[in-house]
Amino acid sequence: MAIQLKDVHFCYPEAPNKTVLCIKNWSVPEQEHVFIHGPSGSGKSTLLNLLSGMLRATQGEVSVLGQRLDQLSNRQRDKFRANHIGYIFQQFNLIPYLNPIDNIRLANRFSGGKTIASDVDNRIETLLATFNIPPSEWQKPVARLSIGQQQRIAITRAMINKPELLIADEPTSSLDPDNRDNFMTKLMSLAKEHRITLLFVSHDMSLSHYFDRIAPLSEINSAGASR
Ligand code: ADP
Ligand code: MG
């Protein structure tokens, strides 16, 4: 299994009396592509942050790629994430004044930079070309590129460390329909080619046909049931 959760509870330390996640049992096999949806505030981003190790479960077992994240320190989880997980955020979180190549190099450096710099640069250039970012854009600050281009750079960045698990939190919400379809096609073919497990959160049910499994958050998380 790529993901296995058992008796997981999560409350934010700022609101210890409000259980945001209560998950008895949930697993995702390797290489499955899962579409998670649910109303705003139901805990989708919290779940993804738990799986990427940005948050730690208040209680319970969180196994990701065979590693118990709940047993790791913050620092160990950061390292695990950098080495194994690609993350695409709704707002991309690119550094606006850096060019595409420097944004992606930075993500590689966070992983401990195991790879030789020139190999990384070759991979970056190949990925940027795959995602139709022409070389004329490679030296510009990303803030000057279009939203669709920034989003494709964000996938490139998520892929640079060859993750086994890719997590995407509403990555298409600022894209127009053409860019959205283009983004989805590229994302899915990349995930398939590299045998990546994919967890994808969106409000947009019209994207669900790209996925092996559709999971309403309410089926995974019983914390919202009484609200
Ligand atoms: P979704 O992604 O489904 O919209 P979230 O996971 O962002 O939902 O939020 C789930 C619940 O946790 C919401 O009630 C939200 O207000 C609360 N929440 C989110 N982030 C924090 C935080 N940093 N501190 C306290 N509560 C939070
Ligand atoms: Mg969210």
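A short reminder: the numbers here are calculations on the coordinates, not readings from a lab. For clarity, every value in this text was computed on a predicted model and none was experimentally measured. Because the Cβ atoms are built from the backbone with ideal geometry, glycine has one as well, and the counts that use them run over all protein chains shown.
What the table shows:
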| quantity | calculated |
| --- | --- |
| Leading residue at positive end of dipole, the range 3-225 (Cβ point charges), from ASN221, GLN71, MET159 | GLN71 |
| 29 Å Cα-Cα threshold exceeded, pairs from LYS140/LYS162; LYS18/LYS186; LYS24/LYS162; LYS44/LYS140; LYS6/LYS79 | LYS18/LYS186; LYS24/LYS162; LYS44/LYS140 |
| GNM top mover of THR46, THR172, THR156 - the chain, alpha-carbon springs below 10 Å | THR46 |
| Contact order normalised by residue count of the range 3-225, Cα under 8 Å, 6+ apart, percent | 31 percent |
| Helix-only CD estimate at 222 nm, as mean residue ellipticity for the chain, using -39500 (n - 2.57) per DSSP H run (n ≥ 4) | -10500 deg cm²/dmol |
| Local electrostatic count, GLU170, Cβ distance below 11 Å [Lys/Arg +1, Asp/Glu -1] | -1 |
| Qualifying trypsin sites (Lys or Arg not before Pro) in the range 7-95, DSSP loop, other Cβ atoms within 10 Å at most 13 | LYS18 |
| J(HN,Hα) series, the range 117-126, from Karplus relation 6.51 cos²θ - 1.76 cosθ + 1.60, nearest Hz, glycine and proline x | 3, 5, 5, 4, 4, 5, 5, 4, 5, 5 |
| GNM flexibility winner over the chain from ILE147, ILE85, ILE167 (Cα, springs under 10 Å) | ILE147 |
